[in-house]
Amino acid sequence: MAPKLTARQQSQLSFLQTLPPKFSRIKAIIEQMAGMQADETAVRQLARMLDEMKSGGQALGIGPIAETAGLMSTMSRRGGGHQMKVRGLRELFGSLQINYEGALRAATTPERNEE
């Protein structure tokens, strides 16, 4: 009999399945920012999307995703050099994707019962 996922893993998996479309939107906005084509509305939309990812990750116990999304949200709202902001967002986006892969692996691997 195949081991089953816990309720926590199932809820994490359903949350994680909503992230890939958001990742493509995040990447597009970062590239628009790099090309000086993103307006303030797009940057605010990016910050809101990252805040939603942060709160969802915190609620489901996916700390690395919540932490990285929070850092990206803060970085997008900060003033300062434009190129510094774009570079920071690109690096954090790479980290977010790595954390996503790890969280997806953890959510799809059945937990062992220590009996």
Which ones in region 68-82 are more than 21 Å from Q45 (Cβ to Cβ) and modelled with pLDDT of 90 or more? none
Of a type in the set (G, A, S), part of a helix (DSSP H, G or I), surrounded by fewer than 18 Cβ atoms within 10 Å (Cβ to Cβ) and modelled with pLDDT of 95 or more: is that true of S14 in this structure? no
If you go through region 72-87 one residue at a time, how many are in a helix (DSSP H, G or I) and under 17 Å from I26 (Cβ atoms)? 9
Among residues of region 39-69, those that are touching a Leu at 6+ places or on another chain (Cβ under 8 Å), over 16 Å from S11 (Cα atoms) and aliphatic (A, V, I, L, M), counted: 1
Of the criteria (1) polar (S, T, N, Q); (2) modelled with pLDDT under 90; (3) under 13 Å from A103 (Cβ atoms), which one T6 fails: (3)
Of all residues in region 42-64 being in a helix (DSSP H, G or I) and of a type in the set (A, V, I, L, M), the one that is nearest to A7 (Cα to Cα): A59
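How many residues, within region 35-51, are surrounded by 14 or more Cβ atoms within 10 Å (Cβ to Cβ) and among the charged types (D, E, K, R)? Break it down stepwise before answering.
Within region 35-51, the first condition is being surrounded by 14 or more Cβ atoms within 10 Å (Cβ to Cβ), and the residues that meet it are 38, 42-43, 45-47, 49-51.
Imposing the further condition that a residue be among the charged types (D, E, K, R) reduces the set to 51.
Qualifying residue count for the region: 1.
The values are calculated or read from the model by the stated rules, or taken from the named source; none is laboratory data. All values reported here derive from a predicted model rather than from experimental measurement. Cβ coordinates were reconstructed from backbone atoms using ideal geometry, including for glycine residues, and neighbour counts include every protein chain displayed.
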